[in-house]
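Throughout, read-outs are computed from the coordinates displayed, never taken from laboratory work. Predicted model, so just to flag it, every value in this text is computed and none were measured. Virtual Cβ from ideal backbone geometry, glycine too; neighbours counted across all protein chains shown.
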Amino acid sequence: MDALERVQEAVRGLGEIGSASGILDRSADALGEASDFDRVVVSSVADGAARAVSVWCRDDRARAEADLAALRDAPVRLDYPLVEEELARRQGVEVVAVAGRSDARWAAALGWESYAVATVALGGTTVGFVHADCHLSERSLDEIDREALENYVEGLAQVFERAVLRGRLRAHRSELRGAVDWMNTRLSRLSDSSGVPLNGDGGAALAVDEVTELDELLTPRELEVLRLMARGNTNVAIAKTLVVAEGTVKYHVKNVLRKLRAANRADAVARYERMTAGLPE
């Protein structure tokens, strides 16, 4: 297996971790173990500064931990003429020879004579760096090193972004569950005080699966039509609002009724209002 294949395998391994924090903790080790680099430093970028989050040193775990502790306590401001400041703006990969360069003072402080650095970008914004060197073997960085690093940061950005999105979805689902639980409690209290049951078949008690079902069952256009139906709009009014033919609206209404298993428009609206009651806007 060549260097690029090993790097791709390392990225797949990161994707299996799941959590964004777990990916960051493992990010330097994954590249180091899969490549011919001797040292790897992964940093995050925030508020105009880079702070190390993960360090790997070949056959020297103690050195890696010591370097990480020191670098975490000394975030580097991305100011001109630092090479990382310019690279953060244009993004990409660069191999840097430190000797005689004032703009490579960060690496010089780490004792690096030459190194490769690549930006980690999400949505067009630089959110991190990956630095790597070959200080033990004392060999010059070559095109394979550059390509391996470029492939790795692209993969790292992708798996990290997916992990962040999964985390947000879990948080959103937790918030949704809280809102639904609150509504069910309110409905239960109303039921107790009025003597009228508000749950059971056809009742008003909510479940998380029922609330999320709308987005799963209906297309965005069908959901838009249903919202307008719930506001009392006729098919003609909906057609004017959406700038479509009335026949198109009738088609969407028919699909909404079928998917919600509603007997008529009023039933569909009632189901919609029950399924969205108490949810944040």
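Structure above, values below:
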item: Normalised per residue, the volume of the convex hull around the Cα set of the range 57-175 (Å³); result: 144
item: Spin-label model distance (nm) - THR219 vs GLU138, 7 Å beyond Cα toward Cβ; result: 6.8
item: All-pairs alpha carbon distance profile, the range 34-93, 5 Å steps from 0, percent; result: 4, 18, 23, 22, 18, 12, 4
item: Label point distance in nm, ARG12-GLU65, each placed 7 Å from Cα along Cα→Cβ; result: 3.2
item: Gap separating the Cα centres of the range 83-97 and the range 146-188, nearest whole Å; result: 30
item: Anisotropy class of the range 1-52 from Cα gyration tensor, a/c 1.5 cut; result: oblate
item: Label point 7 Å beyond Cα of GLU113 along Cβ direction - residues of the range 38-75 with amide nitrogen under 16 Å; result: 38-39
item: Packing rank of 168-181, 54-67, where each peptide gets the mean count of other beta carbons within 10 Å, highest leading; result: 54-67, 168-181
item: The range 1-121: translational diffusion in µm²/s, Stokes-Einstein, Kirkwood Rh over Cα pairs, 25 °C, 0.890 mPa s; result: 162
